[in-house]
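The values are calculated or read from the model by the stated rules, or taken from the named source; none is laboratory data. Computed from a prediction, not measured in an experiment: that's the story for all the values here. Here the Cβ is made from the backbone with ideal geometry for all residues, glycine too, and neighbour counts use every protein chain on show.
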Amino acid sequence: MSQPTGVPPIRCDATVYTIGQRTVLRLPEGASRRLPSRGQVAVQGTINGHAFQTVLEPDGSSGHWVEIDNKLQRTATLGAGDTATLEIAPLKDWPEPNVPQDLETALATAPEKIQELWKDITPMARWEWVRWVNATQNPETRKRRVAVSISKMSGGKRRPCCFNLAACTDPNLSRNGRLMEPA
């Protein structure tokens, strides 16, 4: 695991809930305020005593949320409506993002200059590119974003521009840049 940033661990209780088919935990306002950014934040910690490392997503309202995957739900015995006990610490070093297949293919077939830039940028910057590409459900918009990503990197851009880093960009969980409330 990465080294913590020196920010004291944040301890809180939070309610787990479902939006669509996904199980999420929204950090309480006070816990989010203690994080170093209103945008994404890499953290390590525990949920109900079970270790995890992830990148918290912004909720578009100056807060943060995290998806609780099936494995962590089982090991931490969590379900919608449960209260989870969290202890998290921001990390200096970010984990590598899961690069979607369309962007990965475009990068693999891009000129060497672009592949080198991708390797040279920080994991945080790679998260931003992935997040920007993933922020749409429209296949044509997504295809265009992959092409624009390659074009921008060809011009030396190390980060995508022109999107709100503090907005909730998951198209399945947000409306107007804000995390949806549970149904």
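Taken over region 23-57, the criterion of being assigned to a loop (DSSP other than H, G, I, E, B) and either farther than 17 Å from Asn98 by Cβ or aliphatic (A, V, I, L, M) (or both) is satisfied by Leu27, Pro28, Arg34, Leu35, Pro36, Ser37, Arg38, Gly39, Asn48, Gly49. Restricting attention to region 81-126, the residues that are of a type in the set (Val, Ile, Thr) and outside any helix (DSSP H, G or I) add up to 6. Number of residues in region 160-183 that are assigned to a loop (DSSP other than H, G, I, E, B) and buried (at least 16 other Cβ atoms within 10 Å of the Cβ) equals 9. Check off (1) over 19 Å from Asn98 (Cβ atoms); (2) polar (S, T, N, Q); (3) at pLDDT 95 or above for Ser149 and give me the number that stays unchecked. For Ser149, the failing item is (1). What number of residues in region 135-148 are touching an Asp or Glu at 6+ places or on another chain (Cβ under 8 Å), closer than 24 Å to Arg178 by Cβ and either crowded, with 19+ Cβ neighbours inside 10 Å or among the aliphatic types (A, V, I, L, M) (or both)? So the answer is 1. Of the residues making up region 33-71, those that are of a type in the set (Gly, Ala, Ser), surrounded by 16 or more Cβ atoms within 10 Å (Cβ to Cβ) and either closer than 16 Å to Leu86 by Cα or free of Cβ contacts under 8 Å to residues at least 24 places away in the same chain (or both) number 3.
For (1) of a type in the set (A, V, I, L, M); (2) in contact (Cβ under 8 Å) with a residue 24 or more places away in the chain; (3) closer than 16 Å to Ile47 by Cβ, each residue gets a yes or a no:
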{"position": "Ala80", "(1), (2), (3)": "yes, yes, yes"}
{"position": "Ala84", "(1), (2), (3)": "yes, yes, yes"}
{"position": "Glu87", "(1), (2), (3)": "no, yes, yes"}
{"position": "Glu96", "(1), (2), (3)": "no, yes, no"}
{"position": "Ala108", "(1), (2), (3)": "yes, no, no"}
{"position": "Leu117", "(1), (2), (3)": "yes, yes, no"}
{"position": "Thr122", "(1), (2), (3)": "no, yes, no"}
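For region 83-114, name all the residues that are among the β-branched types (Val, Ile, Thr) and either touching a Lys or Arg at 6+ places or on another chain (Cβ under 7 Å) or closer than 26 Å to His64 by Cα (or both). Result: Thr83, Thr85, Ile88, Val99. Working only within region 91-123, note down all residues that are surrounded by fewer than 17 Cβ atoms within 10 Å (Cβ to Cβ) and touching a strand residue (DSSP E or B) at 6+ places or on another chain (Cβ under 9 Å). Of everything in region 91-123, those that are surrounded by fewer than 17 Cβ atoms within 10 Å (Cβ to Cβ) and touching a strand residue (DSSP E or B) at 6+ places or on another chain (Cβ under 9 Å) turn out to be Lys92, Asp93, Pro95, Pro123.
Before we move on, is Pro58 out of contact with any Phe, Trp or Tyr (no Cβ under 6 Å at 6 or more places or on another chain), of a type outside the set (Val, Ile, Thr) and modelled with pLDDT under 95? It is false that Pro58 is out of contact with any Phe, Trp or Tyr (no Cβ under 6 Å at 6 or more places or on another chain), of a type outside the set (Val, Ile, Thr) and modelled with pLDDT under 95. Taken together, Leu35, Leu78 contain a single residue that is closer than 20 Å to Ser174 by Cβ and out of contact with any Gly (no Cβ under 6 Å at 6 or more places or on another chain), which is Leu35.
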